[in-house]
1. Under a point-charge model restricted to the Cβ atoms of Lys and Arg (+1) and Asp and Glu (-1), what is the dipole moment magnitude of the range 63-174 relative to its Cα centre, in debye to the nearest 20?
2. How charged is the neighbourhood of residue 91? Take every other residue with its Cβ under 13 Å from the Cβ of residue 91, and add Lys/Arg as +1 and Asp/Glu as -1.
3. From largest accessible area down, sort 232, 246, 172; use a 1.4 Å probe on the protein chains.
4. Take the alpha carbon gyration tensor of the range 182-249, find the square roots of its eigenvalues, order them as a ≥ b ≥ c, and report rounded if a/c is under 1.5; if not, report prolate when a/b exceeds b/c, else oblate.
5. Which listed residue (259, 236, 187) has the Cα farthest towards the positive end of the charge dipole for the range 152-296, taking +1 on Lys and Arg C-beta and -1 on Asp and Glu C-beta about the Cα centre?
6. If you put +1 on each Lys and Arg Cβ and -1 on each Asp and Glu Cβ, how big is the dipole of the range 165-222 around its Cα centre, in Debye rounded to 20?
7. What does the convex hull of the alpha-carbon atoms of the range 181-296 project to on average, in nm²?
8. By average Cβ neighbour count within 10 Å, what is the ranking of 113-126, 81-94 from highest down?
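The values are calculated or read from the model by the stated rules, or taken from the named source; none is laboratory data. This one's a predicted model, so the numbers in the text were calculated from it and none came from an experiment. Counting neighbours? That spans all protein chains shown, and the Cβs are built from the backbone with ideal geometry, glycine included. For accessibility, only protein heavy atoms count, side chains too; no ligands or nucleic acids. Shrake-Rupley method; radii C 1.70, N 1.55, O 1.52, S 1.80 Å.
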Amino acid sequence: MRDLVAAFFLKIVCLTLLVACASAPKGDQLITSAASGTIRIDEMSCTGPRLGERTRLQGSAALDPAGFDLMTWNLHKAEDTGWRLDLERLGNGQDLILLQEAHLTPAFSSYLKQSSYHWSMARAFDLGGAETGVLTSAVVPSSGACLTRTLEPLIRLPKSILVTRYPLNGERDELLVANVHGVNFTLGTTHFRAQLESLAETIRTHIGPVILAGDFNSWSIRRSDVLFEITRELEMGPLMLTNDARSRHWGLPVDFVFYRGVEVVDARSLEVSSSDHNPILVTFRMPEYPWEGIQR
């Protein structure tokens, strides 16, 4: 217990320093890759009538419904030794990479430029002159994107959620992917619930498969209850891990993957020292495609 109390106060000190160095943009802003580098698009809120129709990218590229790989990982702002080595090692071959606490420092921007992925980032706030937030990258362009930001009531900095859509080869319906960094520092669950309910409204309007993943900061029983209540209402099941190496806070996992309309072929979490979270890697398929044991 003494160690937990000490860790809590250390986190408060670190947060105080973080807030002093951070600033939040006034509007919702999507940062996305483009042939010319990066572009910034304002007012891409998921509360609008359509899911990012203004960023729609047409093309023939699509995910393989017979099997596609996803990794979700809180990168801890790429502050820890070995983050790039692990990101390149574990991300190699992934069709979708969902990162929380991505930080567009020169080093991380260099990684993005050298990768062949299409990516979008929901800008939460700026730290040390570089944007931070959740970032989703994929081997194919998204067909739409939007974001939500929820202000942390105590530290007054936002957490962000990024929603992207991807075509599936030969499928009429598209895959919706929600990348979540949950509100953390609250005295109750009101703001935590409000953030998830806002996302739920977007998911309810989507016809087709859905994957919801990220760092939910579900470090209490009450928070976990809210998370599972909302995902059950959305008819989304939690990913089950036989060998569960997920990071835990106050004894509870905070990183989750929920899904509906797709099937899990393989799932695992791996221990790393390059972040304070461990990544989760999953292979999905559409239900009508029998898995033939292809090594991906």
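1. In debye, rounded to 20, the range 63-174 gives about 340.
2. For residues surrounding residue 91, the net value is -2.
3. In descending accessible area the options line up as 172, 232, 246.
4. Note, shape of the range 182-249 comes out oblate.
5. Positive-end residue among those listed: 187.
6. 160 debye
7. Hull-based average projected area comes out at 8.3 nm².
8. Sorting 113-126, 81-94 by mean packing, highest first, produces 113-126, 81-94.
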